[in-house]
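Heads up, the thing below is written out as C-alpha cells.
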Amino acid sequence: MRILILICISLTLKGCSINKDVYDSNGIKVYPKKTLDNFNNAKLTLLTKDTSVKLGKNNFTFEVDSYTLKKQTSESNSNHLANSHKGQHIHFIINNGPYQAKYSKTFEANFNTNSNIVLAFLSRSFHESIKEDGAYVLKQYQFNNEISPINIEKDPLLFYSRPKGTYQIEKGDKILLDFYLINTKLDRNGNKVKITLNDHQFIVDKWQPYIIEGLQKGEHKIQIELIDYKGASVGSLFNNSGVRKFNIK
C-alpha cells in the first residue's frame, strides 16, 4: 500500500493527471460537469393548498425566491449544451414520468391516476437542476382512498431528468445527464446510481450533472437505477427510471 501511494504521489508531481472520467470506451465518454453557480439561496415554494388539488385538471401556483424564471443562465462551460431560449424554468414531474418545463409561477397540470407523487425543482435554462435544499417541492396526492406504497418523507427516491427529447448535435455539442435525489446521498461506500446507456453500463457515486460525448446520430436508450453498496437495487417504485429514449439528428 505504501509503495502504491508513493507511486501515485510521484506521478502527480511529474504532472500526470488523474483520469476523472466516469466512462470512456468505444468512443463514448461520460464525465462530471463543473457547476459554476450553485444558486445556494434559490427557493421554490408551493402556494397551492392540498385541499384544492383534485383528480383531473389543477392549477398550481409557486413562489420563487432568489432565482429568476425566463432568464438565460450565464455559465461559460454550458455553451455546447441544449438550451431553452425561453430561459430558466421549473421541471414539473408526475410519478417519475418525463418532466414538463414550466416557465411561469402559475400553470396547469393534470392528474390521471388516484396516486400521484409530484416533484418540482428549479432548472437552469440548459436544464441542469438546482440541487439545493430549498430549490424543490415534493408532494403526494391520493384520491378515492388510494394508499401509496411510497413514504415521501423517508423512502430514498431517484427521479430521472435528462437527457430528453431530440438533440441537433453539431461538432463540439454535448448532452447533459442529470437526475434528482430525495432522502438519500451517494457515496463510494453507500448508495450509488447505475446508468445503462445503450449497451454501456457505468456507476456514479456523486450527485452532480454529467456530460455525455461521442454518441452517433439516431435513437438512444438510457436507464438509471439507485443501488446500494452491494450493487442491489434500493427497493422503491421510483428508484428505477425504466428505459428512456432520446434522439440525435
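The values are calculated or read from the model by the stated rules, or taken from the named source; none is laboratory data. Please read these numbers as outputs of a predicted model, since none were measured by experiment. Glycine gets a Cβ as well: all are built from the backbone with ideal geometry, and neighbour counts include every protein chain shown. Accessible surface is based on the protein model in full, side chains and every heavy atom, while ligands, DNA and RNA are left aside. Shrake-Rupley method; radii C 1.70, N 1.55, O 1.52, S 1.80 Å.
Describe numerically, in nm with one decimal, the distance between label points set 7 Å from Cα along Cα→Cβ at ASP21 and at HIS85.
3.5 nm
Based on the Cβ-Cβ distance of SER52 and ILE152, what FRET efficiency does E = 1/(1 + (r/R0)^6) give at R0 = 25 Å, to the nearest 0.05?
Taking R0 as 25 Å, the efficiency between SER52 and ILE152 is 0.80.
Taking loop as defined by DSSP and a crowding limit of 10 other beta carbons within 10 Å, which GluC sites (Glu not before Pro) in segment 116-214 fit?
Counting only loop positions with at most 10 other Cβ atoms within 10 Å, the GluC sites (Glu not before Pro) in segment 116-214 are GLU153, GLU170.
Within 10 Å of each candidate Cβ there may be at most 16 other Cβ atoms; applying that plus a DSSP loop requirement, which trypsin sites (Lys or Arg not before Pro) in segment 108-158 survive?
Sites meeting the loop and neighbour criteria: LYS154.
Only bridges whose two residues both fall in the chain count here: according to DSSP, what percent of them are antiparallel, nearest 5?
Percent antiparallel among DSSP bridges in the chain is about 95.
Leaving ligands, DNA and RNA out of it, report the carbon-plus-sulfur percent of the accessible area of the chain at a 1.4 Å probe.
The value for the chain is 48 percent carbon and sulfur by accessible area.
For a test of the definition: using alpha carbon positions, the gyration tensor, and the 1.5 limit on a/c, classify segment 137-198 as rounded, prolate or oblate.
It comes out oblate by the Cα gyration axes.
With respect to the cross-link table entries LYS70/LYS174; LYS49/LYS230; LYS105/LYS194; LYS71/LYS245, which display a Cα-Cα separation exceeding 31 Å?
Among LYS70/LYS174; LYS49/LYS230; LYS105/LYS194; LYS71/LYS245, the Cα-Cα distance tops 31 Å for LYS49/LYS230; LYS105/LYS194.
How about LYS54: which aspartates and glutamates have a C-alpha closer than 20 Å to its C-alpha, ignoring those fewer than 8 places off in the same chain?
GLU108, GLU146
Report, in debye and to the nearest 20, how large the dipole of the chain comes out about its Cα centre when Lys and Arg carry +1 and Asp and Glu carry -1 on their Cβ.
That gives the chain a dipole magnitude of about 400 debye.
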